[in-house]
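To keep things clear, I will list the structure first and then write my remarks on it.
What follows is calculated from the coordinates using simple rules that are stated; it is not laboratory data. Worth saying up front: this structure is predicted, and the values here are computed from it rather than measured. Cβ placement follows ideal geometry from the backbone for every residue including glycine, while neighbour counts extend to all protein chains displayed.
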Amino acid sequence: MKTKKLTFERPIIRKISIGISSKFGTKTEFEPITHIDNIPVKELVREYGSPLFVISEKTIRETFAEAKRAFETRYPKVQFAWSYKTNYLNAVCNIFHQEGSWAEVVSGFEYEKAILNGVPGNKIIFNGPYKSESDLITAIDNGSYIHIDHFDELFTLLEIADKHKKKPKVAIRVNMDTGIYPIWDRFGFNYENGEAWEALNRIMLSKKLSLVGIHTHIGTFILSPSAYAIAASKLADLAVSLKRKFNHSIGYIDIGGGFSSKNTLKGSYLTGTDVSPSFDDFAEAITSALINSQIEPSNLPVLILETGRALIDDAGSLIGTVVANKKLSDGRNATILDIGVNILFTSFWYEHKITPAQDFSHHYENTVLYGPLCMNIDQLRESVSLPPLKKGDNVVISRIGAYNMTQWMQFITLRPRVVLISTKGDVYVIRQSETTKMINSIESVPEHLKLKK
């Protein structure tokens, strides 16, 4: 009987170092990720290639249900609005719309995607520092909610309202000190210096705009629920002042997004799974602030949430393949993957969890993880403990659902396929891989520059 030859593993001598214990204990081994939603990783690579983005519909729906439960059990009027900039693949957006989310967009491009996805105009929130006049007119005609970012936009809306004899539905974006630094004062009207209150007064006195809400977005990857409590309290104070001065009740308070996911930030001592607040933590802080404010209980505004990252990060995985191993001049081990920073943009600020997709040795080495780009910055992890990987092995990078499929770049390499695993276990290609023909189709070469054949 012929026995299978075992794969050779070179001997490794390394110093045993468990590091400093935290309250969560010491480093533990992890298991390989051989399947995603019961589909073998190797099978996905054979069928759809590598690298490959994989989205789990099941994880999206389960995460959304958890967030919805956290808020709706604490506050009577809650509406989610899916943040298109976080991941605007149509299949992903439509899952959130099926779950009841509106669309939150920050450009004319995203607005058009929402309309083409079948979202009614009166269920679209239009944010962002730049909206062209034609974008504003389209949003007004569709009955969308326009969040005013600055006085120039306010004056433009007043001119449009005069010219077109329509009354746009508007809110203002407010920036404020919530104890999170730096303060995001680039966007919206400041609370502390009175600018926000002045904007509200101008809107009310003009009688040309319909003031329906107040909005804030205090930052990104926020780890402090108490900051949201401060934000909600300040927006509630503005709502109460409007009621007192103008006898006007707003329809909603939009607390924006920014909730952290379970990813680990670069430089963090503990992992994201240990330090990131839960949806219950955020919901408790926000809803308590609104309920305990001076807003009339009989006329509570709708609470709108533009949560993006925390709803989609866990649902995304990126499968890659080892293309080479080498030793650096200082003796460090280096592994090169077919995944570059051009398609994993968030590797610049996250220590993504990277796991072998096949059984591995319990020996491990500190490894520098590079991508395939001919750029020195193409480094996925500066140092990560991994077992020895050989050319052709696969890895799975977890929690990459947010921003990577909107901030990715067609740089040096073409962008790969994206597949969705449905709740029934079916695999669908929801974005085809790019080809050179696709890239060339939007270019043109003047006749005098064409090479003679």
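What does the charge dipole of the chain about its Cα centre add up to, to the nearest 20 debye, if the Cβ of each Lys and Arg holds +1 and the Cβ of each Asp and Glu holds -1? Please report the intermediate quantities before stating the final value.
On the way: 53 positive and 49 negative charges, 221 e Å.
Here the chain has a charge dipole of around 1060 debye.
Highest first, please rank the peptides 398-404, 201-207 by the mean number of other Cβ atoms sitting within 10 Å of their residues.
398-404, 201-207
Along region 416-421, what does the Karplus equation 6.51 cos²θ - 1.76 cosθ + 1.60 (θ = phi - 60°) give for ³J(HN,Hα), rounded to whole Hz, x for Gly and Pro?
x, 5, 10, 10, 10, 9
Given the pairs Lys163/Lys208; Lys262/Lys424; Lys262/Lys326; Lys77/Lys245; Lys266/Lys326, which are separated by over 20 angstrom at their Cα positions?
Checking Cα-Cα distances, Lys262/Lys424; Lys262/Lys326; Lys77/Lys245; Lys266/Lys326 exceed 20 Å.
If only Cα atoms are counted, what is the Rg of region 127-307, and what is its Dmax, in Å?
17.2, 57
Using only Cα atoms and rounding to the nearest 10 degrees, what angle (0 to 90) does helix 151-164 make with the longest principal axis of the chain?
60 degrees
For the chain, what is Rg from Cα atoms divided by 2.2 N^0.38 Å, rounded to two decimals?
Details: Rg = 25.1 Å, N = 453, 2.2 N^0.38 = 22.5 Å.
The value comes to 1.12.
For the chain, find the longest principal axis of its Cα atoms and tell me its angle to the long axis of helix 279-291, 0 to 90°, nearest 10.
Helix 279-291 sits roughly 10 degrees off the main axis of the chain.
Order these by the 10 Å Cβ neighbour count, fewest first: Tyr48, Tyr111.
Tyr48, Tyr111
Roughly what would the spin-label model give for Lys166 and Glu382, points 7 Å off Cα along C-beta, in nm?
5.1 nm
Please give the contour-minus-distance gain from Asn38 to Asn325: 0.36 nm per residue of separation, less the Cα-Cα distance, rounded to one decimal in nm. Walk me through the intermediate numbers first.
Working: separation 287, 0.36 × 287 = 103.32 nm, distance 2.98 nm.
So the extension gain works out to 100.3 nm.
Which peptide among 300-308, 418-426 comes first, and what is the full order, when sorted by highest mean count of other Cβ atoms within 10 Å?
Ranked from most to least packed, the peptides come out as 300-308, 418-426.
If you take all C-alpha pairs in region 29-142, what percent of them are over 18 Å apart?
Cα-Cα pairs of region 29-142 separated by over 18 Å account for 61 percent.
Just how large is the dipole of region 127-307 about the Cα centre, in debye to the nearest 20, putting +1 at every Lys and Arg Cβ and -1 at every Asp and Glu Cβ?
Rounded to the nearest 20 debye, it is 580 debye.
Extending each Cα 7 Å along its Cβ direction at Lys266 and Glu72, get the distance between those two points in nm, one decimal.
That separation, rounded to one decimal, is 4.0 nm.
Of Tyr145, Tyr350, Tyr88, how do they rank once you tally other Cβ atoms within 10 Å and put the fewest first?
Values: Tyr145 27, Tyr350 23, Tyr88 20.
Ascending Cβ contact count within 10 Å gives the list Tyr88, Tyr350, Tyr145.
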